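Structure first, then comments.
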Amino acid sequence: MHKQQPDALLLNSKIEEWMRWDRNEKTRGEVHTLVTEGNVAELERRFMSRIEFGTAGLRGRMAAGISMMNDVVVIQTSQGLSNYLLACQPEVKERGVVVGFDGRHNSKKWAHFLAAAMIRKGIPVYLFTNVAPTPFVAFGVKHLKAVCGVVITASHNPKQDNGYKVYWDNGAQIVSPHDKKISQSILESLEMDDASWDISGVLTHSLRKDPTAEVEAAYFDELSKYVQYKQQNSSCDLKMVYTAMHGVGWNAVQSCLLTFGFPPCIPVKEQMLPDPEFPTVTFPNPEEGKSAMNLAIKTADENNVSFIMANDPDADRLCIAEKNDSSGEWKIFNGNEMAALLGWWCWHCHQLKGSHKPADSCYMVASTVSSKILLSMAELEGFNFAETLTGFKWIANKTIDLENAGKTVLFGFEEAIGFMIGSLTYDKDGVSALGVLYELAAYLNRQGKQLHQQLETIYEKYGHHLNNNSYFICHDKEKIKHIFTRIRTMSGAPDTYPEELGGVKVKYVRDLTTGYDNEQPDNKAILPVSSSSQMITFTFVNKAIVTLRTSGTEPKIKYYSEIRGTGSKLSKEELSSSLNALVEAVINELLEPEKNQLLPKSE
């Protein structure tokens, strides 16, 4: 009789432990089937490493195992979070926790598991009764003065996924070291009993309140301060088609339109209400372009409408499309183009108010992979621009720091169609951004202009900012590690990055994984460094910037690029050609997609 290997013994013990914990017949059945089939590789993938709790909380595929999203993992995470709050937030039993959820499979149940874990520890819970936009949870934390907020959502991920997003008492997503400390608390809170699974009395418990009415009233009251032309909006003849992308945005957007004084919009009926199957789209992400916007375009054409607005399923992102009045062609705006429009508009509105706050006390904020259009505006208009790491948690926390220093933040954005209007919420917010951008479009419409025309006007004033951004899919973490290690050791030694790509000399390299930055006198990066994710930025002598990074929530290698035409004699077409050639060289020379079997973004 053969002795079992140590890894096999450990795997068996983890499976036995799981079966002792789990009360969900579906996930128990998954494990039983894998064991019966002898699928060791899949069992190891599911049980030999735990899903990582980071600053984005949790996000992953819904399935059995400690590396997946399921009842067991959500309960254990909630137990760990509640214990951490008790340890570090002395007022947690007075101020409570805000809990929301989207329309995905399991979201409501998992929100109730979370609420039950808090209630068992004597922590009050503001639990939304029905689905809520993610921005309402972020706003709710700030408005209700809660110590924490959690929303069960996977945002725009495929239907197989779900997530667990955590906000701290300032209303922004958590940053380190909270993620590491919560992760440790989870590992110390794994044991489960009958009470862990009991959610029968959550909704009627004395420690539970439904914050919906109060939060919504306060949110739209605060949003009304950003309305500039309510009377003119009421007679707006720029009709709008709206899609919620099978998500939670529809009701919130109706209230938003009322706040701005707009007449009702035309919904994409097939995508109007929450549906966890997302039946009409492959990826429920409006950023994917026409593949996600086909139905909206069809609805607009049928109704003779030239303007479309779209939220992602949890309504924290916004996408727009416009039909050119002259050519009849539809243009889907990318995040950088929308930011150029919103940045211009936020500065216009600030001046319109005749604000007593001088330009040098005002800021706009963007992540390092986003367009530098706001920087170009700041240089000309006299306000300030601040750059952060990728991720809205950094934009939001930078905003809070600036406000604490007496500054005013007018606008923040990330190129992945995430926008923050003022400091209404300390996170990206697709609802408020929709209202503000619709008012912008209506303002231009009264002048006989379309958005694409105003975008060109902005670029003529501040310089063209051309982008070429996309991604490759790669599920092999070791392969990704190898790709980036090769980039860092092109000459066989550490910190020997490529000196030229596509015939264009590299001026600076910044590596926020290792902390190397040769633009600084000591070669040390100023922005925070994270060894757990890959991110390298190349600045070229032709004013182009290219960043390669991994995604924190998806199996992607992303690339971002921009060339600034400020002060350049090159035409827009010449700038575009130069950038595209450079990006192609970066992809072929550094990522080597064919050799590494990387899957390009599906068109």
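The values are calculated or read from the model by the stated rules, or taken from the named source; none is laboratory data. Just so it is clear, the model here is predicted, and its values are computed rather than measured. For neighbour counting, all protein chains shown are included, and Cβ atoms are generated from backbone atoms with ideal geometry for every residue, glycine included. Accessible surface is based on the protein model in full, side chains and every heavy atom, while ligands, DNA and RNA are left aside. Shrake-Rupley method; radii C 1.70, N 1.55, O 1.52, S 1.80 Å.
Below is a table of values for the structure above.
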{"read-out": "Helices (runs of 4 or more DSSP H) wholly inside region 404-522 containing at least 2 residues that are open to solvent by 10 Å² or more (accessible area, probe 1.4 Å) and of a type in the set (Phe, Trp, Tyr)", "value": "451-462"}
{"read-out": "Residue in region 328-341 that is free of Cβ contacts under 8 Å to residues at least 12 places away in the same chain and either in contact with a helix residue (DSSP H, G or I) (Cβ under 9 Å, 6 or more places away or on another chain) or open to solvent by 10 Å² or more (accessible area, probe 1.4 Å) (or both) present", "value": "yes"}
{"read-out": "Residue pairs meeting the criteria (Cβ under 6 Å; at least 6 apart or on separate chains; first under 17 Å from His465 (Cβ atoms), in region 349-371; second open to solvent by 70 Å² or more (accessible area, probe 1.4 Å))", "value": "Val365/Lys398"}
{"read-out": "Residue that is farthest from Thr485 (Cα to Cα), among those in region 573-596 that are surrounded by 14 or more Cβ atoms within 10 Å (Cβ to Cβ) and in contact with a helix residue (DSSP H, G or I) (Cβ under 8 Å, 6 or more places away or on another chain)", "value": "Pro593"}
{"read-out": "Candidate set: region 210-228, residues that are in contact with a helix residue (DSSP H, G or I) (Cβ under 6 Å, 6 or more places away or on another chain) and part of a loop (DSSP other than H, G, I, E, B); chosen: the one farthest from Tyr426 (Cα to Cα)", "value": "Gln228"}
{"read-out": "Close pairs from region 150-178: first within 19 Å of Met68 (Cβ to Cβ), partner among the acidic types (Asp, Glu) and part of a strand (DSSP E or B), Cβ under 8 Å, at least 6 apart", "value": "Ala154/Asp161"}
{"read-out": "Matching option when the condition is modelled with pLDDT of 95 or more, in contact with a Ser or Thr (Cβ under 6 Å, 6 or more places away or on another chain) and among the aliphatic types (A, V, I, L, M), among Ile421, Ile483", "value": "Ile421"}
{"read-out": "Pick from region 523-548, criterion under 24 Å from Asn588 (Cβ atoms) and part of a loop (DSSP other than H, G, I, E, B), ranking: most open to solvent (accessible area, probe 1.4 Å)", "value": "Lys543"}
{"read-out": "Checking Asp193 against (1) farther than 30 Å from Leu440 by Cβ; (2) without any contact (Cβ under 8 Å) to a residue 60 or more places away in the chain; (3) of a type outside the set (Lys, Arg); (4) surrounded by 12 or more Cβ atoms within 10 Å (Cβ to Cβ), the condition it does not meet", "value": "(4)"}
{"read-out": "One residue from Ser49, Ser82, Ser78 being surrounded by fewer than 15 Cβ atoms within 10 Å (Cβ to Cβ) and within 26 Å of the chain's Cα centre (by Cα)", "value": "Ser49"}
{"read-out": "Filter result for Leu238 (farther than 23 Å from Gly122 by Cβ, outside any helix (DSSP H, G or I), modelled with pLDDT of 95 or more and among the hydrophobic types (A, V, I, L, M, F, W, C))", "value": "yes"}
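Table: residues versus (1) touching a strand residue (DSSP E or B) at 6+ places or on another chain (Cβ under 6 Å); (2) of a type in the set (S, T, N, Q).
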position: Thr129; (1), (2): no, yes
position: Val137; (1), (2): yes, no
position: Ala154; (1), (2): yes, no
position: Ile182; (1), (2): no, no
position: Asp194; (1), (2): no, no
